[in-house]
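Structure first, commentary second.
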Amino acid sequence: MIDGGEAIRKLALNVARYTGLAPLAKPFVGGIGAILMLHRVTATPEKPNSVNRHLNIAPAFLDELIADMKGRGYAFVGLDEAIARIEAGGKHGQFATITADDAYRDNMTEALPVLEKHGAPVTIYVAPGLIDGAVDLWWDVVEDIVDTSSRLALKTTRGSSVIDCSTPGRKIQTVARLNAWLTLEVPEEEQGTALRELGRSNGIELGTGRSATLMNWDEIRAMAEHPLVTIGAHTVNHRNLKRLSEADARREIGDVRRILKERLGQEPRHFAYPYGYARAVGCREVGFARDAGYVSAVTTRHGVLRAEHAGFLHALPRISVNGRYQSIAHIRTMLSGVTTPLANAGRMVVTI
């Protein structure tokens, strides 16, 4: 099944590349640096053809990408130094910093050796609820439920229905429908209950968390002591903050600092908004992150960094390095800055 949005984005990337627009534009719109966003990094994904395969890149590609960027003059720095360089207006040359969301175990087992090879720092954003198993990696769970079913019973506030997911194409459509149901219709605080009920009503008992997929606390503590690793906060329970009350959103943003300090002995300085798109973070949430005392906060909005971001340190964009665009040419085009306004209604300085 073709993702129309992805096809359009790849067409735009290829047009910018083959017309020569990207390299010509880079000196003018390439900005001062970039924050790269990773999720999973493994050469052996459990489900190489899954709907969520875009979350994964191969370690070999990460190795190639870092080498390519270093060869083109990027300095790889930690997030603290990246913030200092933004505040200095990029006076010390182009830089990149790597971030990884959710604390997947392969960040330690497969990505870290690549980062050590290049001396490239990484910030890993941790949501304690995911690590403890209090909340699920629901996007994986939804896919598991659909994969094991040919017909799926779904109960919503509008009534009950049966969904045909007997073919690969219909499975993709069903995953998209369930994702929309969980993230738009089900109240954020009830997402876990709804997910477990979906499993039970289809004969599937869900376990607790994804212990084989995510790092445990001992592993996170070991990573926190590594000279290349910074641990950041990703809320307590990986909630969509925009869907929460002010009190609950502030607790998600603030309590995670206390929990991580108790677990790791150090309070996190940096924050990542779960999901990070327009329906998950706005001016209110940026204010909460600033009030909580974080030095920086990142979204998932697409964009390179510019000197103007010194005034928007709690709404920083990132360049997603994912399985959809596992191509050095594509990432070069993104880093040129030409795709920043294309993805953001003409804006060069991307915040929220």
TODO: Evaluate the Debye formula for the range 76-121 with equal point scatterers sitting on the alpha carbons, no solvent, and hand back log10 of I(q)/I(0) at q = 0.13, 0.20, 0.22 Å⁻¹, in q order, two decimals.
DONE: -0.35, -0.70, -0.78
Task: Where labels lie 7 Å past Cα in the beta-carbon direction, separation of Trp217 and Ala153 in nm - done: 3.8 nm
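Can you tell me, using C-alpha contacts under 8 Å and at least 6 residues apart, the relative contact order of the range 166-264 as a whole percent?
Working: 42 pairs, mean separation 21.2, N = 99.
Computed over the range 166-264, the figure is 21 percent.
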Task: Highest average packing first - 246-254, 97-105, Cβ atoms within 10 Å - done: 97-105, 246-254
- [ ] Work out the charge dipole of the range 145-278 with +1 on the Cβ of Lys and Arg and -1 on the Cβ of Asp and Glu about the Cα centre, then indicate which of Leu264, Val162, Ala247 is farthest towards its positive end.
- [x] Val162
Task: Per-peptide average of other Cβ atoms within 10 Å, ordering 180-190, 116-126 highest first - done: 116-126, 180-190
Task: Positive-pole candidate from Pro59, Val146, Thr340, dipole of the chain, charges at beta carbon - done: Thr340
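Would you calculate a helix-derived [θ] at 222 nm for the chain, using -39,500 (n - 2.57) for each DSSP H run of n ≥ 4 and dividing by the full residue count, to the nearest 500?
On the way: 14 runs with 141 residues, N = 352.
When only DSSP H runs of four or more count, the value is -12000 deg cm²/dmol.
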Task: Cut-off under 5 Å, modelled amide H: who pairs with Ser296 long-range - done: Phe271
Task: Amide H within-cut-off set for Phe95, under 5 Å, with H built and near neighbours excluded - done: Gly33, Ala34, Ala75
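Going highest first, how would you order 229-238, 157-166, 22-31 by mean Cβ packing within 10 Å? The partial results should precede the final answer.
Numbers: 229-238: 23.8, 157-166: 11.7, 22-31: 16.5.
With the highest mean Cβ count within 10 Å placed first, the list reads 229-238, 22-31, 157-166.
Give the percent of DSSP beta bridges with both residues in the chain that are antiparallel, rounded to the nearest 5.
Working: 8 of 35 bridges.
Around 25 percent of the beta bridges assigned by DSSP in the chain are antiparallel ones.
May I ask you to derive the relative contact order of the chain, considering only C-alpha pairs under 8 Å and at least 6 residues apart, and to give it as an integer percent?
Working: 639 pairs, mean separation 82.7, N = 352.
That works out to 23 percent.
Which percent of the accessible heavy-atom area of the range 219-319 goes to carbon and sulfur, probe 1.4 angstrom?
Details: 1910 of 3930 Å².
Looking at the range 219-319 in its full context, I get 49 percent from C and S.
Step through the table entries Lys26/Lys47; Lys117/Lys242; Lys155/Lys261; Lys117/Lys171; Lys70/Lys91, compare each Cα-Cα distance with 29 Å, and write down the pairs that go over it.
Values: Lys26/Lys47 37 Å; Lys117/Lys242 39 Å; Lys155/Lys261 40 Å; Lys117/Lys171 40 Å; Lys70/Lys91 18 Å.
From Lys26/Lys47; Lys117/Lys242; Lys155/Lys261; Lys117/Lys171; Lys70/Lys91, over 29 Å: Lys26/Lys47; Lys117/Lys242; Lys155/Lys261; Lys117/Lys171.
Find the accessible area per residue for the chain; the probe is 1.4 Å, ligands and nucleic acids are left out, and the unit is Å². Present the calculation step by step, with values, prior to reporting the outcome.
Working: 15100 Å² over 352 residues.
Result: 43 Å² of accessible area for each residue.
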- [ ] Using θ = phi - 60° and the Karplus relation 6.51 cos²θ - 1.76 cosθ + 1.60, list the HN-Hα couplings for the range 218-223 in order, rounded to whole Hz, with x at every Gly or Pro.
- [x] 4, 5, 5, 4, 5, 5
- [ ] Return the sequence-ordered ³J(HN,Hα) values of the range 297-302 in whole Hz as given by the Karplus equation 6.51 cos²θ - 1.76 cosθ + 1.60 applied to θ = phi - 60°, using x for Gly and Pro.
- [x] 8, 10, 9, 10, 5, 7
Task: Acute angle (nearest 10 degrees) that the helix 138-147 long axis makes with the longest principal axis of the chain, alpha-carbon atoms - done: 50 degrees
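The values are calculated or read from the model by the stated rules, or taken from the named source; none is laboratory data. In this text, all values refer to a predicted model and were calculated from it rather than measured experimentally. All Cβ positions, even for glycine, are placed from backbone atoms using ideal geometry, and neighbour counts span all protein chains on display. Please note that ligands, DNA and RNA were not included when accessible areas were found on the heavy atoms of the full protein model with its side chains. Shrake-Rupley method; radii C 1.70, N 1.55, O 1.52, S 1.80 Å.
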